[in-house]
Protein chains: 2
Amino acid sequence: MALTIGRVAVQCGVGVETIRFYEREGLIAQPARPESGFRKYPPDAVRWVRFIQRSKALGFSLREIRELLSLRVDSAATCDAVKGRAEAKIADIEKKIGHLREMKQALVKLTVACRGKRPTSECPILEALGDGD
Amino acid sequence: MALTIGRVAVQCGVGVETIRFYEREGLIAQPARPESGFRKYPPDAVRWVRFIQRSKALGFSLREIRELLSLRVDSAATCDAVKGRAEAKIADIEKKIGHLREMKQALVKLTVACRGKRPTSECPILEALGDGD
DNA sequence: ATGCACCCCGTACCATACTACGGTGTCAAG
DNA sequence: CTTGACACCGTAGTATGGTACGGGGTGCAT
């Protein structure tokens with residue numbers, strides 16, 4: 001039933017060091033430690049790590065994930081708090097997308113201005129980047 | 001005519017340390033150094049820094065900017081090489097946008113499932129993040 | 001000539017999320 | 001009982017793009 005750190009790591013597709021890192025960072029509870037000193041994880045530990053992995057995939061930083069996890073164990077906290085974090089993250093992502101779109105627009109504008117073949121000393125892209133303000 | 005590092009920094013809105021950092025990283029040429037040891041920049045130096053700033057704003061990393069700069073001084077290089085970097089960066093940005101959109105979709109799906117008010121122990125968002133695979 | 005702003009250098013530090021290393025101890029199979 | 005795989009710990013290194021610090025030297029104005 002009880003798992004070693006190595007088994008948890010393999011089940012989650014991460015390295016042992018990553019689990020220890022999450023523990024140090026307060027993302028994973030300290031597991032039982034028999035006299036040997038070896039960590040003994042309950043099967044649930046795999047889900048703790050998966051929670052972190054899924055949250056990361058949604059764009060949450062480890063700091064934010066730690067906050068989500070503390071909301072989970074805070075009996076006074078409600079769903080709204082969690083929802084709020086998710087909505088804030090959505091807003092965050094939208095801002096990033098907007099920013100990336102602007103970058104892309106600017107790059108497209110530069111690339112269409114460049115017809116190639118000329119030496120780089122006459123490149124309209126480099127000129128646009130280097131021109132005085 | 002010649003500028004101190006501090007003047008260049010102010011003109012570009014960056015710190016003196018940033019200019020020295022760019023120099024160390026090979027993004028800015030070593031300027032003249034009279035006996036005092038103080039860097040003496042030509043007025044053009046401001047444009048070197050602006051080139052870096054604009055390239056950064058388009059999403060290029062310092063490593064990529066270094067490459068753009070070496071294309072600029074490579075008389076054998078042509079515009080196409082520069083255009084290629086710009087197009088690669090556009091593709092890069094599109095990939096990032098796609099990734100962010102997927103995150104957003106997933107988050108939206110979770111938030112609409114959450115109606116708030118309940119304790120976090122029954123939060124559908126947290127449940128989705130923590131459920132076994 | 002004296003003060004103060006500015007410059008020099010090397011090094012260390014910030015956040016992020018790990019990853020690697022070295023030296024040692026433990027468990028389980030043969 | 002030995003051997004090999006696995007675990008322990010603390011520290012340091014990776015990439016990115018700077019920022020800060022400490023101890024010193026310089027240049028200009030008053």
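Figures for the structure shown
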| item | result |
| --- | --- |
| Sum of -39500 (n - 2.57) over DSSP H runs of 4+, divided by residues of chain B (222 nm, nearest 500) | -20500 deg cm²/dmol |
| Cα-centre dipole for the protein assembly as shown with unit charges at Cβ (Lys and Arg positive, Asp and Glu negative), debye to 20 | 160 |
| Protein accessible area in segment A:5-77, 1.4 Å probe - carbon and sulfur % | 51 |
| Threshold 50 Å² - residues in segment A:80-99 whose accessible area is reduced by that much or more when the chain is no longer isolated, probe 1.4 Å | A:Val82, A:Lys83, A:Ile90, A:Ile93, A:Ile97 |
| Solvent accessible area, Å² - A:Ile125, 1.4 Å probe, full protein context | 10 |
| Inter-site label distance for B:Lys96 and B:Ser121 at 7 Å from Cα along Cβ, in nm | 4.3 |
| Loss of accessible area when A meets B, both sides summed, Å² nearest 100, probe 1.4 Å | 4700 |
| Burial order of peptide ranges A:109-118, B:76-85 (average beta-carbon count within 10 Å, highest first) | B:76-85, A:109-118 |
| Loop sites in segment A:5-94: GluC sites (Glu not before Pro), DSSP, at most 14 other Cβ within 10 Å | A:Glu25, A:Glu35 |
| DSSP H segments from chain B that extend 15 Å or more along their own axis, Cα-based, with Kyte-Doolittle mean of 0.0 or above | B:62-73 |
| Cα-derived Rg to Rh of the protein assembly as shown, Kirkwood definition | 1.13 |
| Chain A, relative contact order in percent, only Cα pairs under 8 angstrom and at least six apart counted | 16 |
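The values are calculated or read from the model by the stated rules, or taken from the named source; none is laboratory data. Note that the structure is predicted; figures quoted are calculated from it, not measured. Reconstructed Cβ throughout: ideal geometry from the backbone, glycine too, with neighbour counts over all protein chains shown. Side chains included, ligands, DNA and RNA excluded: accessible areas come from the protein's heavy atoms. Shrake-Rupley method; radii C 1.70, N 1.55, O 1.52, S 1.80 Å.
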